[in-house]
Amino acid sequence: MAFTGDIETAGGAVNALIAHIYAGVLELPFADFKERTLARVRTAIAFTSGVWASGAYSSNTMHSVSLLNHQPEMLMDYVAHWQDRDFVRAAVVAAPGKAFRNEDIVPLADFRQSAIYLQFCRPAGLEHALGVVDADLARDLGELLFLFRDDPDAPFTDEEVARLELLSPHLTTAWRQRQALHRYETGNPAEFGASGQAVIDDQGLLCAVEARFSELLRAAFPHWTGPRLPPDAARALRDGVARAGRLEFRLIRGEGRHVLSARRLGDDGLTSAESKVAHLFAGGRSNRDVAAELGVSPATVRNQLASIYRKLDIHSKTELARLFPPDAKAPGASSGED
């Protein structure tokens, strides 16, 4: 497969790819997210095959590997016989965030006389390599990405090196978001199915939106036109959870990009009585005060609060207060002061 290097250079193409990468957090299945996301990178950098490995950065240990047009047997041979002699891999591990090609380390003529080229790369069709590592030193996590070309006359360009350096942290962040979303999906699949998701940045700007999320937001905020979240919804960026009208927002934090879920509170199944108790208790009243205002026993209020906490998946009065702010009245609840 030959490449001419005639790739679109407009910055808008790279920006569109970054948006496409984050859209994949919501669109692509967890099982093959990395392979399919790696395939999307081809719209900015042409390549024949690729490897995306995740692992511990300090020990340079791979915990999982995803391959695109790359045979598993080839990877096993590499790990067993060549990994410790791979000077390009050593370079990218030593300088996280900086992308390297073979010729950035040694002249191509020397590389093509090396044992790793003659015995591994050339037989495998790996004529040119471009790699980068994205490292989270605080958590000792590393993401290693390598792209390969099989045409000896089509080296990666300087521009493509810069593109991979730009894309690498976005790929890492999207993968971590997809992992977090997977835990959410598997932890409560029924709740997940009833909600809509969006990827947002630190300022509440929508980067990727699921159709269900848009429907819920437009229903709650008829005059909202985007692309930034309405202020009531954006409170979730600060608190992790927010309530606006009959919508609840919950945040899964990432690095620069976050997954925000929205669902209708009616989906929680709160009864009218429970809704009244929730508003009064969240407003600062005690169990006894709530019982007196509603004309029921304190034991009834305790039972209703237990049901409310279970349905809303919360564990404290503070969390309840975030979901039921003072300006949101319960149906039929008294608006007077104690």
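Things worth noting here:
- Looking across segment 224-265 at every residue that is part of a helix (DSSP H, G or I) and either within 14 Å of Gln203 (Cβ to Cβ) or of a type in the set (A, V, I, L, M) (or both), the one that is modelled with the lowest pLDDT is identified as Leu265.
A quick yes/no check of all residues on (1) in contact (Cβ under 8 Å) with a residue 24 or more places away in the chain; (2) not in a loop (DSSP other than H, G, I, E, B):
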position: Leu26; (1), (2): yes, yes
position: Ala31; (1), (2): no, yes
position: Leu38; (1), (2): yes, yes
position: Val41; (1), (2): yes, yes
position: Ala46; (1), (2): yes, no
position: Trp52; (1), (2): yes, yes
position: Gly55; (1), (2): yes, yes
position: Ser66; (1), (2): yes, yes
position: His70; (1), (2): yes, no
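- Counting the residues of segment 73-118 that are polar (S, T, N, Q) and assigned to a helix (DSSP H, G or I) gives 2.
- Looking only at segment 284-325, residues that are at pLDDT 85 or above, of a type in the set (Gly, Ala, Ser) and either in a helix (DSSP H, G or I) or surrounded by 14 or more Cβ atoms within 10 Å (Cβ to Cβ) (or both) come to 5 in all.
The values are calculated or read from the model by the stated rules, or taken from the named source; none is laboratory data. Everything numeric in this text was worked out from a predicted model, so none of it was measured. Note: ideal-geometry Cβ built from the backbone for every residue, glycine included; neighbour counts use all protein chains shown.
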